[in-house]
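Structure first, commentary second.
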Amino acid sequence: MSVLTVSGLAKSFGGVQALRDVNFTLAAGEILAMIGPNGAGKSTCFNCINGQLRPDLGSVTFAGHELIGLPPRRIWRLGVGRTFQITATFGSMTVAENVQMALISHHRRTRAPWTLATRLHREEALALLDAVGMRDQAERRCSVLAYGDLKRVELAVALAHGPRMLLMDEPTAGMAPKERIALMALTAGIVHDRGISVLFTEHDMDVVFANADRIIVLNRGELIAEGTPAAVRDNPMVQEIYLGAGSMFGAAAAGAHA
């Protein structure tokens, strides 16, 4: 069963066609990778799905709801979580407080009178931090954390409202190779346990081929290939696009499925 259906998505910026008739689905519990060279339209596609941009044409339905025209906060309420290429945490607040803020919003307690925010949903926040391996750093301020740890905090925040789907835009950007693999392995374990669908973009092919159930490929705004990791690896058009960086693509794919 499809949780997300993207149909005929198109978006232009002046004379630049960022997306052109993009169509794909995301199944319940599936981890779907969206790959492509820089400028392929991946972030534009994400922003159209999540409400940051309105497409010129097309439809995006999530769990039976049309998302086009809805603001990001409404899409979040429907059960769509989001992480970004650059982490956005409150540096002056502790790790636990960052997650508590997401929980307070989820439970609609942003205007709870006579209650200290630091007391709200603390155990729930600690449970989420335990899931991402950050409970032992709950009282540290985010401003002093290593970048890889900030990514884990961001994942806990994204999980705070019990999403049915996560959009992850380059979740391992800026991380060391070992950290990338560890973070995505952690994410894959969590989402499989909770039945969450994931759409993610990524440039590290080791990460993609180790974790994706299926892959779609964008180039110059068009979807040019989709299928299992093995099918995408062997696609001549994909190999042509990734020549240069493509030698690494082929090696990563072969290694992941040897």
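The values are calculated or read from the model by the stated rules, or taken from the named source; none is laboratory data. None of these values were measured; they are calculated from a predicted model. Please note: Cβ atoms are built from the backbone with ideal geometry, for glycine as well, and neighbour counts cover all protein chains shown.
Please give the number of the condition Leu167 fails out of (1) surrounded by fewer than 24 Cβ atoms within 10 Å (Cβ to Cβ); (2) farther than 18 Å from Ala96 by Cβ; (3) touching a residue at least 60 places away in the same chain (Cβ under 8 Å); (4) within 15 Å of the chain's Cα centre (by Cα). The number of the failed condition is (1).
Taking the conditions exactly as written (more than 30 Å from Val232 (Cα to Cα) and either assigned by TED's automatic domain parsing to the domain that holds His203 or in contact with a Cys (Cβ under 8 Å, 6 or more places away or on another chain) (or both)), does Pro55 satisfy them or not? Criteria not met by Pro55.
Val16 satisfies every condition listed in (1) of a type in the set (A, V, I, L, M, F, W, C); (2) surrounded by fewer than 16 Cβ atoms within 10 Å (Cβ to Cβ); (3) under 13 Å from Met165 (Cα atoms) except (3).
Pairing residues of the range 30-44 that are in the same structural domain as Asp204 (by TED's automatic domain parsing) with residues that are acidic (Asp, Glu) and assigned to a loop (DSSP other than H, G, I, E, B), at Cβ distances under 7 Å and at least 6 apart in sequence or on separate chains, gives Glu30/Asp213; Ile31/Asp213; Leu32/Asp213; Ala33/Glu202; Ile35/Glu202. Within the range 223-240, the set of residues being hydrophobic (A, V, I, L, M, F, W, C) and not in a strand (DSSP E or B) comprises Ala230, Ala231, Val232, Met237, Val238.
The condition (being farther than 20 Å from Thr25 by Cβ and either over 13 Å from the mean Cα position of the chain (by Cα) or among the hydroxyl-bearing types (Ser, Thr, Tyr) (or both)) is satisfied by just one residue among Ile190, Ile224, Ile216: Ile190. Any residue that is under 20 Å from the mean Cα position of the chain (by Cα) and either more than 30 Å from Glu222 (Cα to Cα) or at pLDDT below 95 (or both) - is there at least one of those in the range 106-122? Yes: the range 106-122 contains one or more residues that are under 20 Å from the mean Cα position of the chain (by Cα) and either more than 30 Å from Glu222 (Cα to Cα) or at pLDDT below 95 (or both). Residue pairs whose Cβ atoms lie under 7 Å apart, separated by 6 or more positions or on different chains, with the first residue in the range 7-21 and closer than 12 Å to Gly39 by Cβ and the second of a type in the set (A, V, I, L, M, F, W, C) and part of a strand (DSSP E or B), are Leu19/Leu9; Leu19/Ala10.
Of the candidates Leu167, Leu183, Leu145, Leu128, the single residue that is in contact with a strand residue (DSSP E or B) (Cβ under 7 Å, 6 or more places away or on another chain) and at pLDDT 90 or above is Leu167.
The strands (runs of 3 or more DSSP E) falling completely within the range 1-69 that include 3 or more residues that are of a type in the set (Gly, Ala, Ser) map to 2-13.
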